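The next block holds one structure in the form of structure tokens; read it before the comments.
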Amino acid sequence: MRVLIVPDKFKGTLTAKQAAEAIAAGWRAARPLDELELLPMSDGGDGYAEVFGSMLGARQQMVQTVDAAHQPRAASWWFSSESKVAVVETAQSNGLALLPPGKFHPFQLDTWGVGELLKDAARQGARTCYAGVGGSATNDGGFGMARALGWKFIDHAGREIAEWTKLEDLKTIHPPSRRLFDEVWVANDVQNPLLGIQGASRIYGPQKGLKQADFALAEACLGGLAEVCRGQFGIDYAAIPGAGAAGGLGFGMVAFAGGKFRPGFELFAEVAHLDGRIGKADLVISAEGAIDEQTAMGKGVGGVAVLCAKQAKPCFGLAGALLLKEAGPFTKSLGIYPHLTESTDRAKAEASVLLAQLAERAARDFKP
């Protein structure tokens, strides 16, 4: 049989590539003659650049930049010199996972390093950029990134603003002389606006260290940025669904980098020619850390199952933790928890070995 293996990451335990390799090893143990195709998946979060870069035939690049606290850091991005396409995972510079927990307050952090990543891609000749914005530590609306790209933010006294917490005094914005890219596609499944009860500060800020007492200043500063942008450019970027993604970096990518949002799975499926790959397969296996009600809503792994159903192709769902009582959108679903262990701690600690065992079990149970 031809088996297509399309897993997402198992967050905190396995990358999508590691998950694909574990599933393949287990499947081969039971069915060594099957032809396996491994296609790791990402919808914009951790591991996005490696997954998309590999699909596009791009090579990993390194650049000296800074993290969200402006500490020096070597970060990676991916580039195809043939197609002039860059793939940037913004969390390589502004990622929350790069900082010691609790050491920095979001008022001390910005997205300057993201701008350095984008500039390096443009310097090397990229004309199209795919960007994943998940996992951010910042809440600056893309202000730091914009400054790194050459945008200048001037207050009512005629002074340049260098900290996003001073943006409530913003009067005017001076753009740089040229755009970096012809196209910027931002993988984003978040629908939040920049401001308000459902905005970046109130919904995602607490994960990064914002307290309730901080909301007023954060909203005033991002509101000042949005108001001046709307007045100067005639577009209410703050109201665009997704502007609140990654602490407002979604807003910044659209307003200051010419970005356009695409649903993460839709973008992956298009770049990977997923429909065609499914059409050539006899069986599809998808997987993620937890298969639950959100999976069944059609994003990521659930989206793979939906595409398989349209072509009447069987689709197995494998999970670290299976939290659906039924198979959900899959032909069959299995979880390390509860099918191999009742301990979720063990499921995480031994994820690679147990995922291989789960795939072997699925292969032995499979009746073509």
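The values are calculated or read from the model by the stated rules, or taken from the named source; none is laboratory data. Everything numeric in this text was worked out from a predicted model, so none of it was measured. All Cβ positions, glycine included, derive from the backbone under ideal geometry; neighbour counts span all protein chains shown.
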Check: Which residues, counting only those in region 57-67, are within 16 Å of A122 (Cβ to Cβ) and part of a loop (DSSP other than H, G, I, E, B)?
Finding: A58
Margin query: It is to be established whether one or more residues within region 40-50 are assigned to a strand (DSSP E or B), touching a helix residue (DSSP H, G or I) at 6+ places or on another chain (Cβ under 6 Å) and either at positive phi or hydrophobic (A, V, I, L, M, F, W, C) (or both).
Written below: no
Note to self: Condition (residue is free of Cβ contacts under 8 Å to residues at least 12 places away in the same chain and either part of a strand (DSSP E or B) or surrounded by fewer than 20 Cβ atoms within 10 Å (Cβ to Cβ) (or both)) applied to region 68-85: is it met by at least one residue?
What the structure shows: yes
Checklist line | region 176-190 - residue that is of a type outside the set (A, V, I, L, M), surrounded by 15 or more Cβ atoms within 10 Å (Cβ to Cβ) and assigned to a loop (DSSP other than H, G, I, E, B) and, of those, modelled with the lowest pLDDT | finding: D189
Margin query: Among the residues of region 144-153, are any closer than 19 Å to G45 by Cα and part of a helix (DSSP H, G or I)?
Written below: yes
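Test of understanding: among G102, G12, which residue is assigned to a loop (DSSP other than H, G, I, E, B) and in contact with a strand residue (DSSP E or B) (Cβ under 9 Å, 6 or more places away or on another chain)?
Checking each option against the conditions leaves just G12.
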Next item on the list: Those residues that are outside any helix (DSSP H, G or I) and closer than 22 Å to T90 by Cβ, I need them from region 236-246; list them, please.
Entry: I240, P241, G242, A243, G244
